[in-house]
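**Q** Sharing a structure, written as structure tokens. Questions coming.
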Amino acid sequence: MWRGLRIFLEAIKFEHTVFALPFAYIGMLLAADGWPRWHQIFWITVAMAAARTLAMSMNRLADREYDARNPRTANRPLPRGLLRPEILKGAAVLSGIVLLVAAWALNPLCVALLPGALLFLIGYHYTKRFTWLSHWILGFTDGLAPMGAWIAIRGSFWKESDAPAWILIAVVTLWIAGFDLIYACQDVDFDRREGLYSVPACFGVATALWLARLSHLGMLGLLAILGMMRQLGWPYWLGLGLVGALLVYEHRLVSPTDLSRVDVAFFNVNAYISVLLFAAVWGGLIWGR
């Protein structure tokens, strides 16, 4: 049983929840102007874990034929036969139920908006089949995390005071799209051979890396606007400067002629960025008052 659980968690890369969870907490902190009630923190965490498990289970199912033909991904548990598709299907259904329960425990608006969230959580896996905008659609899907946490606390998203939540969606959209553009450069030849749409396959690796830089530059600009809008204190600006330095380092790790360190840029650096930004917002709220 434990071996099967380990293989399942490896298949869905459960540890990468660290990418999105801190941004959900950022939305939560800004919405509550500090720490909300503990039951809200608990159910937001449950909702995030369920949403990501659902999304990654569907991703592995949707891409299993491509993964089997791609030398880079052929060693994943599903193509190797270490994991049955039925397990991932069951996990997706169970995660959807848990997500519904978490939304119900938070507030009625979360439940009402859940079908829209599910549309992106399930549908974004197929966008690479018909549009090179798939990188930004993936980013927007992850950007629903801070918006969902904001709605869980505030119960609204349409008021003028809800502007920070929309900025956070844009921030995460650009951040995720930026490093997904870098990651996709590894599969440029495979994507072209299979007729898949990605920016590297359609426009070349050099263009993809430039668009990744522009996306991350836009992310930093929006984070600066967020800091001024919420009058966050000096820890936020210190953290933002460190995030900028990490992004520069991330982009220096790769070039059109050398993609050997993509994994370092994708996994290590981005995990540091998300956790650092959470700490920066938390500190900025405390010292900004």
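**Q** Consider the range 30-65. How many of its residues are outside any helix (DSSP H, G or I) and touching a His at 6+ places or on another chain (Cβ under 8 Å)?
**A** Initial filter on the range 30-65 (outside any helix (DSSP H, G or I)): 33-37, 63.
In the following step, the residues that additionally are touching a His at 6+ places or on another chain (Cβ under 8 Å) were identified as 63.
Adding up the residues that qualify gives 1.
**Q** Of everything in the range 189-209 that's surrounded by 15 or more Cβ atoms within 10 Å (Cβ to Cβ) and touching a Leu at 6+ places or on another chain (Cβ under 9 Å), which residue is nearest to Leu238 (Cα to Cα)? Steps first, answer last, please.
**A** Restricting attention to the range 189-209, the residues satisfying the condition of being surrounded by 15 or more Cβ atoms within 10 Å (Cβ to Cβ) are 190-191, 194, 196-202, 205, 208-209.
Now restrict to residues that are touching a Leu at 6+ places or on another chain (Cβ under 9 Å): 190, 197-200, 205, 208-209.
Values: Phe190: 41, Tyr197: 38, Ser198: 35, Val199: 33, Pro200: 34, Val205: 32, Ala208: 29, Leu209: 26 Å.
So, considering only residues that are surrounded by 15 or more Cβ atoms within 10 Å (Cβ to Cβ) and touching a Leu at 6+ places or on another chain (Cβ under 9 Å), the one nearest to Leu238 (Cα to Cα) is Leu209.
**Q** If you don't mind, another one. Is it the case that Gly244 is crowded, with 18+ Cβ neighbours inside 10 Å and assigned to a helix (DSSP H, G or I)? Steps first, please.
**A** Details: crowded, with 18+ Cβ neighbours inside 10 Å: no; assigned to a helix (DSSP H, G or I): yes.
It is false that Gly244 is crowded, with 18+ Cβ neighbours inside 10 Å and assigned to a helix (DSSP H, G or I).
**Q** Here's another thing I want to ask about it. Go through Arg213, Arg154 for me and flag whichever is modelled with pLDDT of 95 or more and closer than 17 Å to Val269 by Cα.
**A** Values: Arg154 fails: closer than 17 Å to Val269 by Cα.
Testing whether each residue is modelled with pLDDT of 95 or more and closer than 17 Å to Val269 by Cα leaves just Arg213.
**Q** While we're looking at this one, here's another question. If only one of Leu181, Leu232 is in a helix (DSSP H, G or I) and not β-branched (Val, Ile, Thr), which one is it? It would help to see each step written out before you state the result.
**A** On the way: Leu232 fails: in a helix (DSSP H, G or I).
The match here is Leu181.
**Q** If the requirement is being farther than 30 Å from Gln40 by Cβ, in contact (Cβ under 8 Å) with a residue 12 or more places away in the chain, assigned to a helix (DSSP H, G or I) and among the acidic types (Asp, Glu), which of these qualifies: Asp187, Asp162?
**A** Values: Asp162 fails: farther than 30 Å from Gln40 by Cβ.
Asp187 is the lone residue from the list that is farther than 30 Å from Gln40 by Cβ, in contact (Cβ under 8 Å) with a residue 12 or more places away in the chain, assigned to a helix (DSSP H, G or I) and among the acidic types (Asp, Glu).
**Q** Let me ask something additional. Considering every residue within the range 281-289, establish whether at least one is within 25 Å of Tyr183 (Cβ to Cβ), touching a helix residue (DSSP H, G or I) at 6+ places or on another chain (Cβ under 7 Å), in contact (Cβ under 8 Å) with a residue 24 or more places away in the chain and not polar (S, T, N, Q). Give the derivation first.
**A** We begin by selecting, within the range 281-289, every residue within 25 Å of Tyr183 (Cβ to Cβ); these are none.
So far as the range 281-289 goes, no, none of its residues is within 25 Å of Tyr183 (Cβ to Cβ), touching a helix residue (DSSP H, G or I) at 6+ places or on another chain (Cβ under 7 Å), in contact (Cβ under 8 Å) with a residue 24 or more places away in the chain and not polar (S, T, N, Q).
**Q** Taking the range 51-94, which residues are surrounded by fewer than 19 Cβ atoms within 10 Å (Cβ to Cβ), of a type in the set (Gly, Ala, Ser) and closer than 25 Å to Cys185 by Cβ?
**A** Matches in the range 51-94: Ala62, Ala68, Ala74.
**Q** Kindly provide the set of residues from the range 83-98 that are touching a helix residue (DSSP H, G or I) at 6+ places or on another chain (Cβ under 7 Å) and hydrophobic (A, V, I, L, M, F, W, C), ordered by number.
**A** Passing the criteria: Leu83, Ile87, Leu88, Ala91, Ala92, Val98.
The values are calculated or read from the model by the stated rules, or taken from the named source; none is laboratory data. Only a predicted model underlies this, so the values are computations on that prediction, with no experimental measurement involved. As a convention, Cβ positions derive from the backbone with ideal geometry for all residues, glycine included, and neighbour counts pool all protein chains shown.
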